[in-house]
1. Scan around M662 for amide H atoms under 5 Å from its own, H built in the peptide plane at 1.01 Å from N, and keep only partners 5 or more places away or cross-chain.
2. Summing -39500 (n - 2.57) over the DSSP H runs of n ≥ 4 in the chain and dividing by its residue number, what mean residue ellipticity at 222 nm do you reach, to the nearest 500 deg cm²/dmol?
3. Run down the aspartates and glutamates and flag those whose C-alpha is under 17 Å from the C-alpha of K249, throwing out any fewer than 8 positions away in its chain.
4. How much length is gained on full extension from A373 to E473, taking 0.36 nm per residue of separation minus their Cα-Cα distance?
5. When N is the residue count of the chain, what does its C-alpha Rg come to as a fraction of 2.2 N^0.38 Å?
6. Give the span of segment 413-460's Cα atoms along each principal axis, as three whole-Å numbers ordered largest to smallest.
7. What are the residues whose amide H is under 5 Å from the amide H of F518, where those residues sit 5 or more places off or on another chain and H is modelled from the backbone?
8. Ranking K103, K442 by Cβ neighbours within 10 Å, fewest first, what do you get?
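The numbers here are math on the coordinates, done by the rules we state, and not lab data. All of these numbers come straight from a predicted model, not from anything done at the bench. Ideal geometry is used to build each Cβ from the backbone, glycine not excepted, and the neighbour counts take in all protein chains shown.
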Amino acid sequence: MTTTYSQNGTVAAGQVTAADLDTAIAAADPGALLMAMVHASGDLSLIDEFEERLDTAQRALATDGSASQTHYGAHSGANAVLPGQFPAEVADEVRTRAKAILKVDLEVALNIPDVLDASMFRRMAALCTASVVDDEFVPLLLEQSGFQTSQRCVPVTKAPPADFDVIVIGAGMVGLNAAIKLEEAGFRYTVFEAAEGIGGTWWHNTYPGAAVDTPSHYYSYSFELNPDWTKYYPPGPEYLEYMRAVAAKYDLHRNIRLSTSVLSADWDEDNQRWTVVTLSTDGTTERHNAQAIVTALGMLNAPNIPDVEGLDTFEGPVMHTAQWDPQIDLSGKRVIVLGTGCTAVQVVPNIVDQVTHLDAVVRSPHWIVPEKAVVNAVPEGERWAMRHLPYFQEWFRLKAYWLASDNLYPMPRIDPEWAATHLSASQPNDRVMQTALQYLVKSFPDRPDLIEKLMPDFRPYAKRIVKDPGFFEALNRENVTLHRASFARVHPNGVTTTEGNFIEADVIILATGFKLEFVTSIDITGRDGKKLAELWDHGNDPRAYLGIQVPGFPNLFVTAGPNSGPNHGAGHNILSEEHVHYIVECLQYLVESGNASIDVKPEALEEYNRRVDAALDLTVWAHPGAKVSGYYRNRQGRPVTPCPWRLVDYWTMLREPTIEDMTFTSTSLG
C-alpha cells in the first residue's frame, strides 16, 4: 500500500506506482508542479531558486527580442513563450527536480495554512504564473483558487429566524450556488426552476458542440474543484454532469421545485415580505411568502428568434440552438445556419460531416482567435496530478484564472490618440486584432473572398472575442458556403438573403443568441406599485446598484444584473460567487440588526451608475467609434451588460453592504 495526495494536500491511501508519478511529472503544468514540490518537501528555498532562474531566462528572452507576445499567442522568435509559461529550460529543470523530490509515498510537509502569509503566498502565485502579482490580488486569489472559502465579513452572532424564508428563481450556476451558501448561513430557501432539470444554460443548450469558452479548471465553483475534466474547455454535457454532482453532494434537490415557473412577485409593505406566484407544468398555480428573493436567471435567458417574413411558412424543421431537437436527423440534409457568434462557431464544425451542404449566413462576423486548447483533451498524467499531487489542482486553477482575468483589462480600454487613427482601440487592443488578422489570413490562403466576408468592421472586444473550435477549418470544406448577409425572407423550401440570393434548404438552424431581458419577463412589483419591467424599459435600460439592488424593491437581489458582466475576462462563475456572497452578507446584516428589509437609496444608485457610465466611456463598449449591434448594448447604444471595473475591484466592492447607501425597515411598522 502506498500513499497518494488528495486535491487539498491531505494524505489518503491508494494504489499508485512510480510510473504514474513519472507520467504526471511529464504532463503537468510546470508552475503548478513547482508549487506541489514546495508543499511536498517544505523547502521554501525552491521559491528563491526558481525566482532567480525564471528572471534570468525571461531577461535573456527579452534581450534577444523573442518575448513579444499577446494573450492569444502572437509572438516572434523561435524561443518565445506564451504568457504564464515557463521558458523551456526552466520547465525542464522543474521536471528534473520533481523526479528527485516527489515520491509515491512522500508525506506532505507544508500544508496550505502554513504558507498563508500574504507575502509568501504572493511570491508563490507570481512564480506559478510567471507574472507580477500585486498584494491587492492575494485575498481574491486565495478564494478563487480554492485555498480558502469565501470569508464572512458581517459579524455572525445570531442565527436567522425560523420564518426567514428566501426564494431563489433559477437552478443554474448562480441558483445552485445561492442554495449552497444560504444553507451554510442557516437560511431556509426554496429554488423554483421552470425547466425539467437543473443546469440553466447547460440544460437548455444541447446543440452539437455546445461548450464553455472559459477554461474548465476555472469555470467551476471555487469550493468544489473538479480534477477530472476531460478537456481544457468543458463540453456542455460534461459541465451539466458537474452541476448535477454538486447538487447531489449538497442534497439540493430536496429544496428545488422543478417544472415550476415564477409568474409574479409583489412586495407587501405591511408585512415586509414578498408574495410569489408560481405555475407548474400541470397548470397548478400557488402563492408563496418569503422574506427575500434572489433572481438567478442570468442576463440572457430567452431565445432570440428573428422576425423574418415567412419564417412560419418553411416546410422543414426550424431550430434555435437553445431549443435543439436531437430527434432531427441532419444526415444528407441541406442546412442553413444563421449567426456567427460563439454558438454558430461551435455548431458548424460539429455538423459539417453530417450534412450534404451547409450555408453559413453571417451578418456581422466576430473577431476570431486561435485557441488549440478549446478542443484539446487533458492528458491523463495531468488529471492524475490534479487528483494526487499536493495542492497541484489549486495552483493550476489559480493560473487558469490569472491568465484569463485582469491581465486582459487593458484590452477593451480606449487610448484616444491611438483610436483616432486606428480601427483598434489601443496598442494592447491592436495586438489582439493582429493575432486575429494573422489567423484569418493563414486559415484561407487561397480564398480572399472568405477573408473579405469574415473581416469585422469594429474594434476587438466591442463584441465577444470568439475562440475557434474548428469553424475556419469547416468553412474551407467543399460542402460549405459562406454568405455575408442575413435573412430577407423565408420560403417553404429555402431562404432569400439580404444579398438577393436564394438558398435552398431542408433545415434552418438559428444560432441567433438570446434576448436581453434580465428579470423583466417576471411581473415584479415593489413599493408603491412600481413595476421593475417598466422601470427597466422591459430590459432595454436596466440600472442597478452594484448590478444587484434596485431602489423601491426591498430584499430583492438580482444576480447577473446590469453592468455586472466580466466581459474582459474570467467567467460567469466568479460573478456567481461574488453576488451570492454579497447577498448572504446583506441578509446576515438584517438578522444581526433586527431589521425586516434592506433597500438601496436612490441617490446611491444614481451615484454608482454615474461612475459606471464614466468608466464605460473609456472602453470600446461605449466609445463613439465602436458602437455596434449586439447584446452588450441597448437600443440607444448604452452598454448594459459589461462591468467597467477590474475583477479585483468589483470583488472587493461586494465583500459586504455599505450601510450608508441603504435604508432599513424594522419588523414593527407602527
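1. K601
2. So the calculated ellipticity at 222 nm is -9500 deg cm²/dmol.
3. The qualifying aspartates and glutamates are E183, E184, E224, D228, E238, E241.
4. 34.4 nm
5. 0.99
6. Computed over the Cα atoms, the extents are 36, 15, 13 Å.
7. For F518, whose amide H was placed from the backbone, the distant partners under 5 Å are N301.
8. K442, K103
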